[in-house]
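All remarks here apply to the structure that follows.
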Amino acid sequence: IDVAFQLRNNNIKTDICYDDRNFKHKMKYANKIGVKNIIIIGEDEVKNNKYVLKNMELGTQELLSMDDIISKFML
């Protein structure tokens, strides 16, 4: 929720998936509704304050700080 708050404070459209289903199902759902980018947050990401930004169109992903993620969307 903190990540979503930071993104929204920077005028970046954000949604949170609260679905209890597995990760594969969540990815399929994101593709189905046309999500272009997702942020993957696990225990390691929270611990290190670095998050996986996945481009759903290209299939690429990067491990970035929140400031770097926000910068990518501000371009």
Legend entry - Evaluated over the chain, the Cα radius of gyration and Dmax, each in Å: 12.1, 33
Inset, instruction - Tabulate in residue order the Karplus-calculated ³J(HN,Hα) for segment 14-31, using 6.51 cos²θ - 1.76 cosθ + 1.60 with θ = phi - 60°, rounded to whole Hz; enter x for Gly and Pro. - result: 9, 9, 10, 8, 9, 4, 7, 6, 6, 4, 4, 5, 5, 5, 4, 4, 4, 5
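Per residue, how many Å² of accessible area does the chain show with a 1.4 Å probe?
Per residue, the chain has 79 Å² of solvent-accessible surface.
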Inset, instruction - Provide the per-residue ³J(HN,Hα) series for segment 67-75, in order, calculated from phi with Karplus coefficients 6.51, -1.76, 1.60 and θ = phi - 60°, each as a whole number of Hz, with x at glycine and proline positions. - result: 4, 5, 5, 4, 4, 4, 7, 8, 5
Legend entry - Partner lysines for residue 36 [C-alpha distance under 24 Å; skip if fewer than 8 residues away on the same chain]: 13, 24, 26, 28, 50, 54, 72
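The values are calculated or read from the model by the stated rules, or taken from the named source; none is laboratory data. Note that the structure is a prediction, hence the values are computed from the model and not measured. Each accessible area value is taken on the protein alone, full model and side chains, heavy atoms only, with ligands, DNA and RNA left out. Shrake-Rupley method; radii C 1.70, N 1.55, O 1.52, S 1.80 Å.
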